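The values are calculated or read from the model by the stated rules, or taken from the named source; none is laboratory data. Fair warning: this is a prediction, and the values are worked out from it, not measured in the lab. Positions of Cβ are backbone-derived with ideal geometry, glycine not excepted, and every protein chain shown enters the neighbour counts. Surface accessibility is based on the protein's heavy atoms, side chains included, excluding ligands, DNA and RNA. Shrake-Rupley method; radii C 1.70, N 1.55, O 1.52, S 1.80 Å.
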Amino acid sequence: MVDQIKQVVINSPLDMHLHFREGRMAQTVIPLSSYSFAGGVVMPNLVPAVNNLKRLTGYIQEIKSIIDKDIFEPYMTVFFKHYSYQELEQLKPYILGVKLYPAGVTTNSEEGVAAINKAETTIKYLEELEIPLMIHGETHGFVLDREKMFLPIFEHLAQTFPRLKIIMEHITTADAVSLLNEYENIYATVTLHHLLITLDDVAGGLLRPHLFCKPIAKRPEDREALVKAAINAHPKLMFGSDSAPHPLDKKEACGCAAGIFTAPIALQALVDLFEQHNALHNLQAFVSDNAQSIYRIIPPQKSVTLERIPDKVPNMYDDVVPMFANQELSWSITQVK
Ligand code: NCD
Ligand code: ZN
């Protein structure tokens, strides 16, 4: 029998899509990411949205004060609106990209874009200024088809703005994986949970509110395609947890908020998944190197060691329930330096 791998070291792990919120929630969740990751892309869907320089710099200050002494680079985004060229020029030094939400498709997206053709002047500026565009790619169609129905919009944008870097955020379908290979300027993030669960886990038995998110988890064949791309470290695919905390009373409610809180367990669960697929040699690329080359960023140096030591996940962090609450993970983070 081959010896089991007992230790994994990841250099500067990056989480390329996550929700830090603000206020008390930010105090709870930010340290959980800033402990184990070297950087992360911070989403702007607050109320009011992060969509101007004043709001952005205020938010950066709040985040940095909570990160405190941890080694963690918050890569910021602003919420897409009709920005002028000058506004974008001013924002550019502070941001990694602009995040576009179609109006009303997910948490706090009401101020999003109602019609993509009306957004194209601003998108042109992004192309000219070389600011990446991150997109929540869902329509208002039937819930399982929303991502697939949005793919022609990605194609249209990729063709119309060939020099624009377009990131399909949190992809959930085999069709989205295929699109990565068709357009040079299209990239994607994928979450942990979409590599692990399907709609069956959410609604196949008793309804599991803590596994409910947008985009909703899809079919087994979609999950298979995502896993295949991730474990092979598809060079255009990056890890982005989409860790999206909501307080317990918003999740266990009639009208459950969308979002899965994975920040504290993401790395441990990724090691487990990659190990099960004999793909640990590709984890470094998936969880850091790909993002570094796609965005041309150099994250702070941070070395994270995980060991095969079982660890029980708390049932709550303040009033937020994490994925795998109360369950045991096979891997623990044992050193960060
Ligand atoms: C996110 C949130 O709660 O902000 N929710 C989610 O289900 N993923 C928003 C988002 O990324 O769609
Ligand atoms: Zn998100």
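Can ASP249 be described as within 16 Å of ligand 1 (Cβ to nearest atom) and either farther than 21 Å from ILE167 by Cα or under 14 Å from the mean Cα position of the chain (by Cα) (or both)?
yes
If I ask for residues that are closer than 23 Å to GLY97 by Cα and crowded, with 22+ Cβ neighbours inside 10 Å, which ones from segment 267-293 would you list?
Correct list: PHE286, VAL287, SER288, ASN290, ALA291.
May I ask you to say which residue of ASP318, ASP249 is in contact with a helix residue (DSSP H, G or I) (Cβ under 7 Å, 6 or more places away or on another chain), open to solvent by 70 Å² or more (accessible area, probe 1.4 Å) and farther than 26 Å from ASP175 by Cα?
ASP318
Checking GLU110 against (1) within 16 Å of ligand 2 (Cβ to nearest atom); (2) modelled with pLDDT of 95 or more, only one condition comes out false. Which one?
(2)
Hey, among the residues in segment 13-23 that are within 16 Å of ligand 1 (Cβ to nearest atom) and either among the charged types (D, E, K, R) or surrounded by 22 or more Cβ atoms within 10 Å (Cβ to Cβ) (or both), which one's farthest from LEU306 (Cα to Cα)?
So, considering only residues that are within 16 Å of ligand 1 (Cβ to nearest atom) and either among the charged types (D, E, K, R) or surrounded by 22 or more Cβ atoms within 10 Å (Cβ to Cβ) (or both), the one farthest from LEU306 (Cα to Cα) is GLU22.
In segment 24-35, which residues are buried (at least 20 other Cβ atoms within 10 Å of the Cβ), in contact (Cβ under 8 Å) with a residue 60 or more places away in the chain and in contact with an Asp or Glu (Cβ under 9 Å, 6 or more places away or on another chain)?
Answer for segment 24-35, where residues must be buried (at least 20 other Cβ atoms within 10 Å of the Cβ), in contact (Cβ under 8 Å) with a residue 60 or more places away in the chain and in contact with an Asp or Glu (Cβ under 9 Å, 6 or more places away or on another chain): THR28, VAL29, SER33.
What about TYR94, is it within 16 Å of ligand 2 (Cβ to nearest atom) and among the aromatic types (Phe, Trp, Tyr)?
So TYR94 fails the test.
Any residue in segment 136-145 that is farther than 21 Å from HIS193 by Cα and buried (at least 20 other Cβ atoms within 10 Å of the Cβ)?
Scanning segment 136-145 turns up no residue that is farther than 21 Å from HIS193 by Cα and buried (at least 20 other Cβ atoms within 10 Å of the Cβ).
Only one of (1) surrounded by fewer than 14 Cβ atoms within 10 Å (Cβ to Cβ); (2) touching a residue at least 40 places away in the same chain (Cβ under 8 Å) fails for ARG296. Which number is that?
The failed condition is (2).
From the list TYR85, TYR94, pick out the single residue that is touching a Phe, Trp or Tyr at 6+ places or on another chain (Cβ under 7 Å), open to solvent by 10 Å² or more (accessible area, probe 1.4 Å), away from ligand 1 (no atom under 16 Å from the Cβ) and not charged (D, E, K, R).
Going through TYR85, TYR94 in turn, just one is touching a Phe, Trp or Tyr at 6+ places or on another chain (Cβ under 7 Å), open to solvent by 10 Å² or more (accessible area, probe 1.4 Å), away from ligand 1 (no atom under 16 Å from the Cβ) and not charged (D, E, K, R): TYR85.
Between ALA203, ALA263, ALA244, ALA217, which is without any contact (Cβ under 8 Å) to a residue 24 or more places away in the chain and within 16 Å of ligand 1 (Cβ to nearest atom)?
Result: ALA203 is the single residue among ALA203, ALA263, ALA244, ALA217 that is without any contact (Cβ under 8 Å) to a residue 24 or more places away in the chain and within 16 Å of ligand 1 (Cβ to nearest atom).
Going by what's in this entry, would THR77 be described as within 14 Å of ligand 1 (Cβ to nearest atom), closer than 30 Å to HIS140 by Cα, open to solvent by 20 Å² or more (accessible area, probe 1.4 Å) and not aliphatic (A, V, I, L, M)?
no
Being under 18 Å from GLU120 (Cβ atoms) and within 16 Å of ligand 1 (Cβ to nearest atom) is the requirement here; does THR139 meet it?
yes
Any idea which of ILE71, ILE10 is open to solvent by less than 30 Å² (accessible area, probe 1.4 Å) and farther than 18 Å from PHE261 by Cα?
The match here is ILE10.
Does segment 303-311 contain at least one residue that is open to solvent by 20 Å² or more (accessible area, probe 1.4 Å), without any contact (Cβ under 8 Å) to a residue 40 or more places away in the chain, farther than 17 Å from LYS214 by Cα and more than 16 Å from ligand 2 (Cβ to nearest atom)?
yes
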